[in-house]
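Before any comments, here is the structure.
The values are calculated or read from the model by the stated rules, or taken from the named source; none is laboratory data. Just so you know, these numbers come straight off a predicted model, no measurement behind them. Quick reminder, even Gly has a Cβ in these numbers, built from the backbone with ideal geometry, and neighbours come from all protein chains shown.
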Amino acid sequence: MGTNVWGPMKSMPKILVVVHDIDDHLNEMANPIAEAGILMDTWDVQNDSVGRPDLEKLEQYSGVISLGAHAGVLEEEKHPWMSHERKIMQWALVSETPLLGLCFGSQLLASAAGGRVYKAETGEFAWTKVDMLPEASNDPVIGALGDTADAFQFHYDSFDLPENAVLLGESNGTIEAFRVGSSAWATQFHPEVGLSQQLAWLSTYRGAFLREGIDIDEQIAKSHKLAASYRKQAWDLSAAFAKQVLEFHNR
C-alpha cells in the first residue's frame, strides 16, 4: 500500500491556481503538485463572480500559480479581474509566498514588480529554444530546466526585467525566465502545455500561427518528438515549485 500524503484536509498546504481561459490550465504540472500533498484551489477569472479570492484571506495559501491568458497586461482596464490578480501577486511578493507565473503570468508578475510591459516587435510562437544562464543553475525552481529548455510559445507581449529581478533564461535577447526576490519565478513560455494541448492550440489557432509564418505540420511533428522530454521538463519544474510551497508551509 502506498503512503497517504493527504492526511487531514485542514492541515494540507494549499495553492491558488489562476486560470484565465478554458484552454490553458495546469495540464502536465498538476500531478506533481497533487503527489506532493498540496491542494490546488482554482480561480477561473472568466467566472469572476464565483470564487474570486478574498484579499483578506490570502494567508490560507502557501503558493500561487498564474497561467497564460488571451488578454494582455496592457488591456488591464478592460478586465477587472486583472487588477485583483495584480493585488494577489503584490501580496505574494510582500509575504514571500511562493509564486510562479507562466506566459501572461510572467508578464503580470513583471508589471506587479515594477517592470514595463509592451508589445514585442516580434512575438514568439510554437517551438523555440531557451538558453538558461549560469544564474539558473543554482536556482531552486528554474534550475530544474537544466542548461537549455525546449519552449512552446504563444505570446505577442514582452517586458523589461524589474529592478529586483534576476534574469535566468533568454532567447535571442528576449526574457524567458526570471526570479523576483527569493520566492517568485516566471517563464515567458508554456512549460505546462502538454502534447494534447499543443495539438489543440495548433488546430484552434491555426490561422494565428500561419499568419506568423509557422509551418503547422513541422510543429506537430516536433510536438510528437518532444512529448516525453517536455513532459519530464514540466514535471521537474512543477516538483521543484511544490518543494518551495511545502517549505514555506512548514516553516
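So which residues in segment 87-98 are in contact with a helix residue (DSSP H, G or I) (Cβ under 7 Å, 6 or more places away or on another chain) and either closer than 14 Å to Gly68 by Cα or β-branched (Val, Ile, Thr) (or both)?
Ile88, Thr97
Working only within segment 24-54, note down all residues that are modelled with pLDDT of 85 or more and under 17 Å from His79 (Cβ atoms).
Asp24, Trp43, Asp44, Val45, Gln46, Asn47, Arg52, Pro53
Run down Ser171, Ser158 and say which single residue is surrounded by fewer than 20 Cβ atoms within 10 Å (Cβ to Cβ), at pLDDT below 95 and touching a strand residue (DSSP E or B) at 6+ places or on another chain (Cβ under 8 Å).
Testing whether each residue is surrounded by fewer than 20 Cβ atoms within 10 Å (Cβ to Cβ), at pLDDT below 95 and touching a strand residue (DSSP E or B) at 6+ places or on another chain (Cβ under 8 Å) leaves just Ser171.
May I ask you to say which residue of Ala112, Ala144, Ala136 is of a type outside the set (D, E, K, R), crowded, with 23+ Cβ neighbours inside 10 Å, modelled with pLDDT of 95 or more and farther than 25 Å from Ala71 by Cα?
Exactly one residue qualifies, and that residue is Ala136.
Report yes if Leu58 is surrounded by fewer than 20 Cβ atoms within 10 Å (Cβ to Cβ) and out of contact with any Leu (no Cβ under 7 Å at 6 or more places or on another chain), otherwise no.
yes
Test each condition in (1) without any contact (Cβ under 8 Å) to a residue 24 or more places away in the chain; (2) over 30 Å from Glu218 (Cα atoms); (3) not in a loop (DSSP other than H, G, I, E, B) for Thr122 and report the one that comes out false.
(2)
Among residues belonging to segment 36-52 that are assigned to a loop (DSSP other than H, G, I, E, B) and not charged (D, E, K, R), point out the one that is surrounded by the most Cβ atoms within 10 Å (Cβ to Cβ).
Ile38
What are the residue pairs meeting all of these: first residue in segment 135-158, first residue within 20 Å of Leu195 (Cβ to Cβ), second residue part of a strand (DSSP E or B) and hydroxyl-bearing (Ser, Thr, Tyr), Cβ atoms under 6 Å, and 6 or more apart or on different chains?
Ala151/Thr128; Gln153/Thr128
In segment 115-133, which residues are over 17 Å from Trp185 (Cα atoms) and either crowded, with 19+ Cβ neighbours inside 10 Å or within 14 Å of the chain's Cα centre (by Cα) (or both)?
Matches in segment 115-133: Glu124, Phe125, Ala126, Trp127.
Counting only residues that are over 13 Å from Ser183 (Cβ atoms), of a type in the set (A, V, I, L, M, F, W, C) and more than 17 Å from the chain's Cα centre (by Cα), how many does segment 56-109 have?
Residues meeting the conditions: 3.
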